[in-house]
Amino acid sequence: MLRDPKDAEADGSRSRLAWCVTSGTLSCMPTKNPRVNVVLERPLYDALGRLARREGASLSTKARDLLRAALEMQEDLVLAKIAAERERSLDRSKILTHDAVWRRKPRSRRR
């Protein structure tokens, strides 16, 4: 039995399904993935449409793929800043080699 998310919040449980209100029927319907509604300027909408047609994808699939790529690039930029700060503040006198960290000993040969 599917439950309304408001009912699930009331008793403390969490639903794994998102809920989507369809514009034609104005009824709630369970969906696998959460939805987002985005307003685009005409040139951006047209460019998205051209890209989607070129790849044979829907507008929403292409928008999702582009958003995913943008988020990955944003994450890379943040991680690069963190790495640069760590490298800048690195005290080279305290660097350990791989072997020193793992305290590797020579392997004995098995017979």
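Filter the range 54-65 down to the residues that are assigned to a helix (DSSP H, G or I) and farther than 17 Å from residue 35 by Cβ and list them by number. Explain how you work it out, then say what you get.
Looking only at the range 54-65, we keep the residues that are assigned to a helix (DSSP H, G or I), and these are 54-55, 59-65.
Selection gives 54, 55.
With respect to the numbered conditions (1) at pLDDT below 90; (2) touching an Asp or Glu at 6+ places or on another chain (Cβ under 8 Å), which one is the sole condition not fulfilled by residue 57?
(1)
Test each condition in (1) over 21 Å from residue 35 (Cα atoms); (2) of a type in the set (D, E, K, R); (3) out of contact with any helix residue (DSSP H, G or I) (no Cβ under 9 Å at 6 or more places or on another chain) for residue 68 and report the one that comes out false.
(1)
If you go through the range 28-53, how many residues are modelled with pLDDT under 95 and outside any loop (DSSP other than H, G, I, E, B)? Spell out the reasoning first.
Step one: of the range 28-53, the residues modelled with pLDDT under 95 are 28-38.
Imposing the further condition that a residue be outside any loop (DSSP other than H, G, I, E, B) reduces the set to 28-31.
Looking only at that region, the number is 4.
Just the residues that are in a loop (DSSP other than H, G, I, E, B) and surrounded by 10 or more Cβ atoms within 10 Å (Cβ to Cβ), please, taken from the range 66-106. It would help to see each step written out before you state the result.
Taking the range 66-106 and keeping what is in a loop (DSSP other than H, G, I, E, B), we get 89-91, 95-97, 103-106.
Matches in the range 66-106: 90, 104.
The values are calculated or read from the model by the stated rules, or taken from the named source; none is laboratory data. None of these values were measured; they are calculated from a predicted model. Note that we place each Cβ from the backbone using ideal geometry, even for glycine, and neighbour counts take in every protein chain shown.
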